[in-house]
Amino acid sequence: MSKCYETCVVPFFGQGHILPCLELCKHLASRNFSVTLIISSSIAHSIPSSFRQHSLLRIAQIPSPPSPPPPHHGQLAQGLQNILSDQARPVCAIIDVMMSWSTHVFAKFQVPTVAFFTSGASSAAMELATWKAHPLHLKPGEICLLHELPQDMALTYSDLKRRPHDPPPPFGGGPPHHGGGAGFPPPPGGPPKLGDPPRWMEEVRDAVALMINTCDDLERPFIDYIASHIGKPVWGVGPLLPEQYWKSIDSLVHDRDGRSNRQSSVSEEEVIQWLDSKPRGSVLYVSFGSEVGPTMEEYQELAQAVESCEDLQFIWVLQTGSVRPGPPRMILGEESGPEVKEGYFPHGLDSIVGNRGLIIRGWAPQLLILSHPSTGGFLSHCGWNSTVEAIGRGIPFLAWPIRGDQYYDAKLVVSHLKVGYMITHDLSRKVTKDDIVKGIKNLLSDKEIKKTAEILSVKFQNGFPTSSVAALDDFKHYVNQRFV
C-alpha cells in the first residue's frame, strides 16, 4: 500500500478562495494525500456534504473571530496552534497567500509551507514586472515593454491611470484583496502604491514553493516569469473548477451539484427555460460576482444601456455584496437580507424590458449560464474564477475590472488571449451608457472574437489540463523527495 501524506490546506474566507481550495484538496486526495482543510467555524456550513464524505478529506474548524477580526489575527493563530497540537505533524501546509500570517504558526511546528494563489499567474507576474520596470511617467500613446513578458502585455498610459480609490493590482490572491475585503481591516500603511514592491513577494518569502490556480495553456509565460524571479518551484495546478465542469464539456453544467444552498430569485429550471427560448449566441450575461461592483451611478448607466439596446437579450445578476455601496462583504453560503428578497436595483427594469431580460437577485447558476449555447457574451469584472469558467466555454468578454488583480486579468483576456473588449480604455473616469452600448454592440457582432474564444476553449475539452495533472504529480514527487 502506498504511503499517505498528511497535509493541511488553509484558505482565505471569501467565496473566490474557498471553492478553488476545495477542488485542490480533492486533487491532492486523489494522489494519496490525507488533507485537513482548516477553516473558520463561521463558514463550515458552506462546505458541501460530498467533501465531508471523502475518506482522505477532513475539516478542522478554528473558532470564528469577532467581526471584523483583529489585525493581529491572535484568536485565529491560537485556534490554528490548537489544531496542530492535536494531530500528527503534516509533511507540509498549503496556505492561501492572504493567510500568510499563519506561516509563523506552522514554523513553530517545523511544517514547511507552500503559498497558494487562487488568482492567475499574469496578475502576479505583471505586478512584479511593473515594479521592476518602474514605468511611472508614461504619457498618452506611450507603452512600456516588460522584459521577459509577452509584448502584447506592454503597459500603457491607461493601465496606470485609474481611479484614485482603486488600489494597484494585484495583492496576490484574487478577490477579495488586501485592502480590507471580507471584513478584514486594511494592512498597516494602507494599500500599496505603484512603485512599491509587490506585497505578495513578502507573503511568499518563507514558502518553499508556490501553487497557482492556472495552467500552461493559459499562462505559461507568466508562470515561468514568476519562477525565474523568485527562485522557487512554481506549479500551475488549475483551473480549479468543479469536477462536473470538466465532465460536461458538451452539455450544461448544473451548479446545484456543487454550489447549492444559496438563495436566488429564480431556480435553475427557470433559467434553462428562459435561455432555451433565445437564439444561439444571442444572450449577454452580466455579472460582477458577489464581492465587488461598479458605483451606483454606473449601475444606472448600465440599466439605461441595456434598456436602450432594444434587440439585446440579457441576464443580469444582482448580488448584495456587489451592488451595495461601501466596502465589499463576504458572501459564502446562503444569502440573507431584504435586498435579495425584495429587490433593490434597478427598480422597474424588469417590466420595461419584458422577456428579453432576466434579472436574477441573489445567487445565479453561473456555470449553467456560461455553458448554455444561447449565451454569447459576458460583461464581467474579470475575477479569476469567472474568467476561467467563461474561457473554458468559449464565451468572449466585455471586461469591466473593478479592483485588484481584475485589471490584469482583463488585460490578459483582451490583449493577450484576444477574446474580449474593454468597457473603456480610461478607467479613471465613470463608465457611461455610451461606453456600455458601444461595448455590447462590438462584442455581440464580432464573429472573429467569438471564433477565437471557441478555439481557446478547445484546450479545455479533454478535461482537467494535462499540464496541471503533471504539476500536481510533480508536487507529490517534490514532497516525497524533500520532506518524507
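The values are calculated or read from the model by the stated rules, or taken from the named source; none is laboratory data. Not measured: the values here are computed from a predicted model. Virtual Cβ from ideal backbone geometry, glycine too; neighbours counted across all protein chains shown. Heavy atoms of the whole protein, side chains included, go into the accessibility calculation; ligands, DNA and RNA do not. Shrake-Rupley method; radii C 1.70, N 1.55, O 1.52, S 1.80 Å.
Computed from backbone phi with θ = phi - 60° and the Karplus coefficients 6.51, -1.76 and 1.60, the 3J(HN,Hα) list for segment 106-112 is 5, 4, 4, 9, 6, 9, x Hz; x is used for glycine and proline. Per atom type, segment 379-484 shows carbon and sulfur on 50% of its accessible surface, probed at 1.4 Å. Past the 26 Å Cα-Cα mark, which pairs from Lys161/Lys232; Lys278/Lys438; Lys232/Lys476? Listed pairs above 26 Å: Lys161/Lys232. Checking the a/c ratio against 1.5 first, then a/b against b/c, what shape does the Cα gyration tensor give for segment 102-164? Judged from the Cα gyration tensor, segment 102-164 comes out prolate (a/c at least 1.5, a/b above b/c). Counting only aspartates and glutamates at least 8 places from Lys3 when in the same chain, those with an alpha carbon closer than 17 Å to its own are Asp473, Asp474. Distances between every pair of Cα atoms in segment 366-412, grouped in 10 Å steps from 0 to the bin holding the largest one, split as 30, 55, 15, 0 percent.
Working value for segment 9-157: equivalent-ellipsoid semi-axes of 36, 18, 15 Å, each the square root of 5 times a Cα gyration tensor eigenvalue, largest first. Per residue, segment 77-136 exposes 32 Å² of solvent-accessible protein surface, assessed with a 1.4 angstrom probe and all protein chains in place.
Structural descriptor for segment 400-484: relative contact order 20 percent, calculated from alpha carbon pairs under 8 angstrom and at least 6 residues apart.
Here the mean projected area of the convex hull built on the C-alpha positions of segment 344-446 is 7.3 nm².
Split the accessible area of segment 206-287 by element, probe 1.4 Å, and carbon with sulfur accounts for 44%.
What does the charge count near Val204 come to, summing +1 for each Lys or Arg and -1 for each Asp or Glu among other residues with Cβ under 14 Å from its Cβ? Around Val204, the charge tally is -2. Can you give the net charge of the other residues whose Cβ lies under 15 Å from the Cβ of Thr387, counting K and R as +1 and D and E as -1? Neighbour charge sum, excluding Thr387 itself: -1. Over all other residues within a Cβ to Cβ distance under 14 Å of Gln87, the charged ones net out to 0, with Lys and Arg as +1 and Asp and Glu as -1. The phi-based Karplus calculation (6.51 cos²θ - 1.76 cosθ + 1.60; θ = phi - 60°) puts the 3J(HN,Hα) values of segment 118-132 at 7, 8, x, 7, 5, 5, 5, 5, 5, 5, 5, 5, 5, 5, 5 Hz, whole numbers, x for Gly and Pro.
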